[in-house]
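Here's the structure, in structure tokens; my notes come after.
Only the coordinates and a few stated rules stand behind these numbers; no lab work does. All of these numbers come straight from a predicted model, not from anything done at the bench. Virtual Cβ from ideal backbone geometry, glycine too; neighbours counted across all protein chains shown.
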Amino acid sequence: MATLTIRDFDDDLKAQLRVRAAEHGRSMESEVRSILRSALTKPASGPGMGTRIRQRFTGSDDVSIESPPRNDRARAAELPE
């Protein structure tokens, strides 16, 4: 197990943590572990960004995206010498 040291912890936050730990019948250290565990193990809420973008533009009558014409053949890039 690892050890974590928190420097410059605000006195008001420490007091709130002490009260919260007492309400849950735990030590402050145990309360901090519980808070961190719940904050860091939550599944991502909702769909990802790509899904949200697709949903925003799929089926919308306001948005019309046309593909550009493909008349020219593909060619290599011309780089300066």
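So the values come out like this:
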{"quantity": "Peptide ranges 46-55, 24-33, 65-74, 4-13 listed from the most packed, as the mean C-beta count within 10 angstrom indicates", "calculated": "24-33, 46-55, 4-13, 65-74"}
{"quantity": "Residue-averaged [θ]222 nm for the chain, counting only DSSP H segments that reach four residues, each worth -39500 (n - 2.57)", "calculated": "-13500 deg cm²/dmol"}
{"quantity": "Charge tally in the Cβ shell below 13 Å around Leu17, where Lys, Arg are +1 and Asp, Glu are -1, Leu17 excluded", "calculated": "-1"}
{"quantity": "Simple Cβ-charge dipole of the chain, Lys/Arg +1 and Asp/Glu -1, about Cα centre, in debye nearest 20", "calculated": "440"}
{"quantity": "Spread of Cα-to-Cα distances over 5 Å intervals beginning at zero, given as percent, for the chain", "calculated": "3, 9, 10, 11, 8, 7, 7, 7, 7, 5, 7, 7, 6, 5, 1"}
